[in-house]
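Written below as structure tokens is the structure these notes are about.
The values are calculated or read from the model by the stated rules, or taken from the named source; none is laboratory data. Keep in mind it's a predicted model, so treat the numbers as computed, not measured. Here the Cβ is made from the backbone with ideal geometry for all residues, glycine too, and neighbour counts use every protein chain on show. Surface areas here come from the heavy atoms of the whole protein model, side chains and all, with no ligands, DNA or RNA. Shrake-Rupley method; radii C 1.70, N 1.55, O 1.52, S 1.80 Å.
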Number of protein chains: 2
Amino acid sequence: MASEERIVLRPIGRVESTLVDPATAPKQGNEGAPEAWLVLDEAVADGLRDLQAGDDILVLTWLDRADRTVLVVHPRNDPAAPETGVFSTRSADRPNPIGIHRTEILAVEGLRLLVRHLEAVDGTPVVDVKPVLTR
Amino acid sequence: MASEERIVLRPIGRVESTLVDPATAPKQGNEGAPEAWLVLDEAVADGLRDLQAGDDILVLTWLDRADRTVLVVHPRNDPAAPETGVFSTRSADRPNPIGIHRTEILAVEGLRLLVRHLEAVDGTPVVDVKPVLTR
């Protein structure tokens, strides 16, 4: 049943970053990832209108360099780490490689959002932006 | 450019829940959402092998009842709330209606995971499960 279904994601923009090599990119945004720009499409401009500098956000990306056939990995690419099912890891290699990046908006320039740190390489499709919920 | 690209998500399973009506479902899991089962596909069994009761997880779903053309909403469906761009809200109505649900695994029975609370209706496709990162 589920495996027969097809759902189409439509990118809303793209990451512009000095990171170009997935192999050397930080695994998490708080591990030295650089500032990056989210360059969003004119078609979604109305959806962005309330975003502003200082907002804590989740950026959802499509990690298009990932291997979707992988179900078991050595966490953090460490061969000494025991093999682990991908759903217990943040590996990019997984059936649906959606990246979730918690970061902060530093500046808004029209359709471009500057964020504090983002561990996604240049050109990565952006699929959603959500506010961080405070509980 | 980005808008020409097509990315296909493949559900890895399905939500089994007593919630059936999106209109009356809680907006967030901590607002009285019930326990629910994630019923996962045999094809991803290897990816689940390290999940266990007590794990804090993020469940990613595809909110297939959402309206993908919506860019501005009244938050929480409150007509008195000022209209807000969807990327500053957690509205299900947005260009890519990916739900992110933070919850806890209560039990694992083969390919079925019981979770503490989930604000997604019965039959919602599950697209990913990730561990919550402690920083």
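May I ask you to give the percent of accessible area on the stretch B:31-135 that is carbon plus sulfur, with a probe radius of 1.4 Å?
Carbon plus sulfur share of accessible area: 47 percent.
Compute for the stretch B:30-97: radius of gyration divided by Kirkwood radius, i.e. Rg/Rh, restricted to C-alpha atoms, rounded to two decimals.
Numbers: Rg = 16.4 Å, Rh = 15.0 Å.
The Rg/Rh ratio comes out at 1.09.
What distance in nm separates the simple spin-label points at residue A:49 and residue B:23, each placed 7 Å from Cα in the Cβ direction?
About 2.7 nm separates the two model spin labels.
Which whole-Hz couplings ³J(HN,Hα) result when phi for each residue of the stretch A:8-17 is put into the Karplus expression 6.51 cos²θ - 1.76 cosθ + 1.60, θ = phi - 60°, listed in order with x for Gly and Pro?
Result, ordered by residue: 9, 8, 10, x, 9, x, 8, 7, 10, 9 Hz.
What figure in square angstrom, to the nearest 10, would you give for the accessible area of residue B:10 with a 1.4 Å probe?
Rounded to the nearest 10, that gives 110 Å².
Cα-based Rg of the protein assembly as shown per 2.2 N^0.38 Å, rounded to two decimals?
0.97
Equivalent-ellipsoid semi-axes (√(5λ), Cα gyration tensor) for chain A, whole Å, largest first?
Numbers: eigenvalues 141, 68, 36 Å².
Over the Cα atoms of chain A, the semi-axes work out to 27, 18, 13 Å.
Leaving ligands, DNA and RNA out of it, work out the accessible area of residue B:89 with a 1.4 Å probe and give it in Å² to the nearest 10.
10 Å²
Only helical DSSP H runs with n ≥ 4 go in: add -39500 (n - 2.57) per run for chain A, normalise by residue count and round the 222 nm mean residue ellipticity to 500 deg cm²/dmol.
Rounded to the nearest 500, the figure is -500 deg cm²/dmol.
Between B:80, B:120, B:45, where does the largest GNM mean-square fluctuation fall for chain B, given springs only between Cα atoms within less than 10 Å?
In the Gaussian network model the winner is B:80.
What does the structure give for A:79-89 when I average, per residue, the other chain Cβ atoms found within 10 Å of the residue Cβ?
5
Just to confirm, what accessible area per residue do you get for chain B at 1.4 Å probe, in whole Å²?
Spelled out: the 1.4 Å probe surface of chain B, per residue, equals 46 Å².
May I ask for the distance between the Cα centers of the stretch B:45-97 and the stretch A:57-135, given as a whole number of Å?
Using only Cα atoms to place each centre, the spacing works out to 17 Å.
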